[in-house]
Amino acid sequence: MAKESSPLRVVQAAIQSRSFAPVYYLHGDDDYLKDGAVRDLLEASIDPSTRDFNCEIRRASELDAEAVSSLLSTPPMLAEKRAVVLRDVTALKKAARQQLDLYLKRPASDTLLLLVSPAGTKVDAAIAAASETLEFAPLTPERVRRWIAHHATTVLTVNIADDAAQLLQQAVGNDLHQLASELDKCASYAIGVDRDVRATIDVDMVSAVVGIRRGETVTDLLDAVARQDAAAAVTLVAHVLGQPKVTAVQVVMMLSTQAFALSFGRARRDAGIPTNRLPQEFFAFLKETGGYPGRPWNEASSAWTKVTEQWSAASCEKALELLLESDIALKETTVSNAEQILMSLVLGLCATRRRKVA
């Protein structure tokens, strides 16, 4: 079957219509979204009162041919439909896989089979051709921002202010597992404050729960480096590295994305592209490369447009050299020196100023 561009819409459409394909193949690099889709399909298709009898969730690597045959041939018990979830399906041994292939030629109409591959796994063409194929690619930064608001309102039944969602994404990044965890904490905090009304997560609550303040995020560090403000950048290094789950290597990766983007922007300006076209150029660049600049692509594009004139081709090239050296140094040194390496890096990046033409 053809691959759908929006797997979440396919799942929701099936749930709303109560019409399910006999086999779904869920793959892609966002395991959080895959797990959510599996959960939603099971809840919608299997009667909760008979779920203990009619829902099997197994790891493919633990199954032999007989077990696969038994799982797929067992009829529903006291219900219209049963479900089988095979995780890490491409890990099936040869004989077990043969049983699955036989079943896929004529899947049972009273069984919902969910075949799941983990992130980083190559697509199995044979399974994809014989099933409803759902690819769960990581959300773009823009979609993550919308996901934060949607998850807060629909799952946690709280509101979240726009600046609070922005700060949360800047602090946590695009990891949906971690975002969901931090949102749950923020929601509990907000509900404790606003007991008599629908609670709203504000920026102060995010600061209190996540332990990060406005003006001290990775994004603020990136902006300070982009405008070559050494004093601000140096002050921010310790704040950024003190945040949970933030490493110097991650910061260097985001600084590298920014440096490549500024180099691209400089080249486009030198080719005659006007400044007012740069936001669209930067957005297209990020969409093509898939880089993560620590925030939604449109926000990064706007920020970079403001500073492109400060960067020459030579300064961009020097910045990339410094970033490569720092990346190597961080991977070859001890954790105790990470802050010193990052401090030296941001000072070097801020010193690569565009020379003024006489």
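Angle of helix 278-289 to the longest C-alpha principal axis of the chain, folded into 0 to 90 degrees and rounded to 10: 40°. With both labels modelled 7 Å from their Cα along Cα-to-Cβ, the VAL249 to ALA284 distance reads 3.5 nm. Per-residue extension of 0.36 nm, minus the Cα-Cα distance of GLN178 and ARG58, leaves a gain of 40.7 nm for this segment. The list (i) 19.1, 59; (ii) 24.8, 86; (iii) 20.5, 64 gives values of Rg and Dmax of the Cα atoms in Å, and only one came from this structure; which label was calculated from it? So the structure-derived entry is (ii).
Placing a pseudo-label 7 Å from each Cα along the Cα-to-Cβ vector at ALA314 and SER17 gives an inter-label distance of 6.3 nm. Quick one: pull the percent of accessible area on the chain belonging to carbon and sulfur, 1.4 Å probe, ligands and nucleic acids left out. Of all accessible area on the chain, carbon and sulfur atoms account for 52 percent.
Phi angles across segment 234-243 convert, under the Karplus curve 6.51 cos²θ - 1.76 cosθ + 1.60 with θ = phi - 60°, into 3J(HN,Hα) values of 4, 5, 7, 4, 5, 4, 5, 5, x, 7 Hz, Gly and Pro given as x.
Entry comment: accessible area of segment 1-105 is 55 Å² per residue, from protein heavy atoms only and a probe of 1.4 Å. In this structure, THR140 and ILE328 have a Cβ-Cβ separation that, at R0 = 22 Å, corresponds to a calculated FRET efficiency of about 0.15. Charging the Cβ of each Asp and Glu at -1 and of each Lys and Arg at +1, and nothing else, the dipole of segment 128-173 about its Cα centre rounds to 60 debye. Remark: spin-label model distance ALA129-GLU339 equals 5.8 nm, labels positioned 7 Å along the Cα→Cβ axis. Calculate how steeply helix 176-193 sits against the longest principal axis of the alpha-carbon atoms of the chain, using the helix alpha-carbon long axis, and give the answer as 0 to 90 degrees to the nearest 10. Helix 176-193 sits roughly 80 degrees off the main axis of the chain. Peptide packing for 69-82, 281-294, 131-144 was compared via the average number of neighbouring C-beta atoms within 10 Å per residue; ordered from the highest value, the list is 131-144, 281-294, 69-82. For the chain, the Cβ-based charge dipole about the Cα centre amounts to some 800 debye (Lys, Arg positive; Asp, Glu negative; other atoms uncharged).
Extension gain, SER70 to ARG277: 0.36 nm times the residue separation minus the Cα-Cα distance gives 68.4 nm. For segment 189-325, the dipole from Cβ point charges (+1 on Lys and Arg, -1 on Asp and Glu) about the Cα centre works out to 200 debye, to the nearest 20.
Solvent-accessible area per residue in segment 125-170 equals 40 Å², computed with a 1.4 angstrom probe and all protein chains kept.
The values are calculated or read from the model by the stated rules, or taken from the named source; none is laboratory data. Note that the structure is predicted; figures quoted are calculated from it, not measured. All Cβ positions, glycine included, derive from the backbone under ideal geometry; neighbour counts span all protein chains shown. Keep in mind that these areas ignore ligands, DNA and RNA; they rest on the heavy atoms of the full protein, side chains included. Shrake-Rupley method; radii C 1.70, N 1.55, O 1.52, S 1.80 Å.
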